[in-house]
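The structure appears below as structure tokens.
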Amino acid sequence: MEAELIVLLVVQLIGSVSFARFEIETPIIKKTLKWLILDGLTIGLYFLIGHYSLILPSLLIGLGTTFHFIWCKRNGIHPLKATPKKKYYKLRGWKWEE
């Protein structure tokens, strides 16, 4: 179980730092629930299939990153910098304040 917890901690740390600029206006409860669901599913799977439970976060990270890059490119947003910011806010439905 220690390996799973370490992996989840590292995933959350890197994910939060790397994608924070894309989640500026996302409500805290939504971000918190996303991580709690990922953690809960991974830990629950650990009791059913052991260390193979680490496939879930790996799979979700791969799918999420692939979707992120495709969505950003299709919409003219830089996938690492979230620029242009005004266009990104409009696509997400957030209020842009100048």
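Total residues in region 22-44 satisfying the condition of being in contact with a helix residue (DSSP H, G or I) (Cβ under 9 Å, 6 or more places away or on another chain) and not polar (S, T, N, Q): the figure is 11. Filtering region 86-98 to residues that are at pLDDT 90 or above, touching a Phe, Trp or Tyr at 6+ places or on another chain (Cβ under 8 Å) and not hydroxyl-bearing (Ser, Thr, Tyr) leaves LYS86, LYS90. Restricted to helices (runs of 4 or more DSSP H) entirely inside the chain, those with at least 2 residues that are exposed (fewer than 12 other Cβ atoms within 10 Å of the Cβ) are 2-19, 28-49, 55-74.
Hey, could you check region 48-87 for residues that are under 22 Å from VAL17 (Cβ atoms) and in contact (Cβ under 8 Å) with a residue 40 or more places away in the chain and say which is nearest to the chain's Cα centre (by Cα)? Top of the filtered list is ILE61.
In region 1-16, which residues are charged (D, E, K, R) and in contact (Cβ under 8 Å) with a residue 12 or more places away in the chain? Selection gives GLU4 alone.
Within region 17-42, the set of residues being touching a residue at least 12 places away in the same chain (Cβ under 8 Å) and among the polar types (S, T, N, Q) comprises just one member, THR42.
Here LEU45 fulfils each of the conditions (1) without any contact (Cβ under 8 Å) to a residue 12 or more places away in the chain; (2) more than 18 Å from VAL11 (Cβ to Cβ) apart from (2).
The values are calculated or read from the model by the stated rules, or taken from the named source; none is laboratory data. Everything numeric here is computed off the predicted structure, so don't read it as measured data. Because the Cβ atoms are built from the backbone with ideal geometry, glycine has one as well, and the counts that use them run over all protein chains shown.
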